[in-house]
Ligand SMILES: Nc1ncnc2c1ncn2[C@@H]1O[C@H](COP(=O)(O)OP(=O)(O)OP(=O)(O)O)[C@@H](O)[C@H]1O
Ligand SMILES: [Mg+2]
């Protein structure tokens, strides 16, 4: 037992050094046109060996440490409490949600422009994650190319503006519907696939869209992207200093207030907020409708679902289509927010992050997914100094979550349905 | 109502079902028995459309259905249970029954989002039907439990209720008594009889529990190694020499 532990601990310590040393202990330095390799500062190297030492000690006494952890008082004093009765809990939830939405409506007027901008991004990710939650969390279809539909939404707006002068409001439904159409088109070839195979094909689809955007230079501008995408207008009022569109007026002049760059940011935030709330409400409703139950039935047992007369084709396609629809929404808002888009914004990493949000939040759980979207978007911004280690921290967080709470932050809870006794 | 003619099903080199005949009339309970691996479940899989039979004909209410996709066959009114219970485990008990009534609900997205009167009335009807069947199989108190957490016997009953809410004409049960205790088997016996008497469904039954089979079947078909061995009333089958030999040989 002891020798086994010692061997194992030694092995773990060596692995730590082998992994950490090349990554942290060596730096690439430009020397003229060449690139040279330099050792890092002594402190870094000392920390690496310290870390290895800690890993060694932890693994050596692992059983004792983990055993004692269990005896510690529970971190959360509320964890042992009786759960609230279902009706009361639903009421409390409804109140809290309303309060949050009202707060979110007034909040941008008191904080800095940067925060509002970040909050808009959070809302975009919430829309994306809620949409992907339909496909992955409810229908159980592992989609690794979800970013493609986001790209379709964004590029629809950009291209329609560039070639036909579409405004945000005209492009919003078109972008969402086109993304939904792409969702359905992708759905057909993958109808028979499941699990790993489905993941690979959707991954490929995401890459195809990105590469297409990158190489179809004549239309999409390729890697240079498309710029000058207009901001949304409010009943024909623009938020810029000078009016650009024909027949438009300017917001600050109409209301006789001084021009401020913040108006535009806040307006976009409010649009994103409304769209995110609509997304959440619509999907919440869908979950309680026959189509939502069919998604879940397909996830739980496809054979049983078919034996009850559910058509696999219809159910899967509806999940892909509806999921993609909301990605199209998010894409249009994103294009308008950035003012400039390029294929860079729609790489696989985005799909992975959205998927991570869904998994972290708890598959199928809307509140969980929303919380996770907030956390995953905001935390990296708060910890700017550690931006080099962003992916490392992200990975570690995922691993820890999977170990301690594989069901996600807030796992999905079923809504009780009251029945009347029949005669 | 159901007529299976000369059905055969080949898996690679294995002829799992070979020339099986079956027929089920209105208001009748027909059992299929046979030793393990005889091909009973395979017959079910062919009839319910999970497998495309390699030969033979399957007629349901006079129309050929062999090779039709499973969900279409189920919509014709032929619904089955599985040898290994297949519930939607993470969904609640009542949701399992609502999924099954998909066809009777208003599935139009807009009517659902707007809660049109038609949507509501159909939703209410399906909830009432779910409540009725839950009561019938003694699961009403557990309506909001996760289906996967039910006891085994309860899961079996839920699976039958889930078939019944689709209003089938023919119910196909694959070893419904497997894993049940004698009291539960007795309840099942009465439930199946009542399905026939009170709800006018025909039943096609695969079962190893001989007392149950002999008790409730109107007719029995025996299959051995994929081939039909005998068929007739319970008494005929009980006295058939081939059947006795096959069962004794197995034991
Ligand atoms: N999908 C399949 N692929 C290959 N062989 C199969 C397949 N399904 C069934 N078989 C084979 O067909 C034969 C009949 O199997 P089946 O499941 O129909 O038997 P059964 O009569 O239902 O037996 P049991 O009483 O044990 O349920 C078996 O030898 C089985 O291995
Ligand atoms: Mg079987």
Just to be sure I understand: of the beta bridges DSSP finds with both ends in the protein assembly as shown, what percent are antiparallel, rounded to 5? 60 percent
Peptide B:47-54, shielding by other chains (average Cβ, 10 Å cutoff): 1
What does the C-alpha gyration tensor say about the overall shape of the stretch B:88-149? Classify as rounded when a/c is under 1.5, otherwise prolate if a/b is larger than b/c, or oblate. prolate
Using alpha carbon centroids, what distance separates the stretch B:6-65 and the stretch A:33-60, in Å? 68 Å
Relative to the longest principal axis of the C-alpha atoms of chain B, give the angle of the C-alpha long axis of helix B:117-136, reported between 0 and 90° and rounded to the nearest 10°. 50 degrees
Global geometry of the stretch B:49-118, whether rounded, prolate or oblate, following the gyration tensor of its Cα atoms and the 1.5 cut on a/c: oblate
How much of the DSSP bridge set in chain B is antiparallel, in percent, rounded to the nearest 5? 55 percent
Compare B:228, B:69, B:176 in a GNM of chain B, Cα atoms joined below 10 Å, and give the one with the largest fluctuation. B:69
Partner chain Cβ atoms within 10 Å, averaged over the residues of B:124-134 - can you pull that number for me? 3
Please report the antiparallel percentage of the DSSP beta bridges confined to the stretch B:1-81, to the nearest 5. 100 percent
Relative compactness, chain B, computed as alpha-carbon Rg over 2.2 N^0.38 Å: 1.05
Taking only Cα atoms, what is the 0 to 90° angle, nearest 10, from helix B:241-250's long axis to the longest principal axis of chain B? 80 degrees
Which whole-number percent gives the relative contact order of the stretch A:278-423, counting Cα pairs below 8 Å spaced six or more residues apart? 19 percent
Please label the shape of chain A as rounded, prolate or oblate, based on the square roots a ≥ b ≥ c of the eigenvalues of the alpha-carbon gyration tensor (a/c under 1.5 means rounded; beyond that, a/b larger than b/c means prolate, else oblate). oblate
Could you state the number of Å between the C-alpha centres of the stretch B:85-157 and the stretch A:83-127? 32 Å
Suppose a student asked you for the relative contact order of the stretch A:3-70, using Cα pairs under 8 Å spaced at least 6 residues apart; what percent would you report? 41 percent
Can you grab the distance from the C-alpha centre of the stretch A:290-364 to the C-alpha centre of the stretch A:166-214, Å, no decimals? 10 Å
Expressed as a whole-number percentage, the relative contact order of chain A with C-alpha contacts under 8 angstrom and at least six residues apart is 24 percent
Taking only Cα atoms and a 10 Å spring cutoff, compute GNM fluctuations for chain A and point out the largest among A:397, A:30, A:90. A:30
If you count, for each residue, the other Cβ atoms within 10 Å and average over each peptide, how do B:137-150, A:187-200 line up from highest to lowest? B:137-150, A:187-200
Between helix B:182-199 and chain B, what is the angle of the helix's C-alpha long axis to the longest principal axis, kept within 0 to 90° and rounded to the nearest 10? 70 degrees
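Just so you know, all these numbers are worked out from the coordinates, no wet-lab data involved. Owing to the predicted nature of the structure, the values given are computational and were not obtained by experimental measurement. Positions of Cβ are generated from backbone atoms using ideal geometry, with glycine treated the same way; all protein chains shown enter the neighbour counts.
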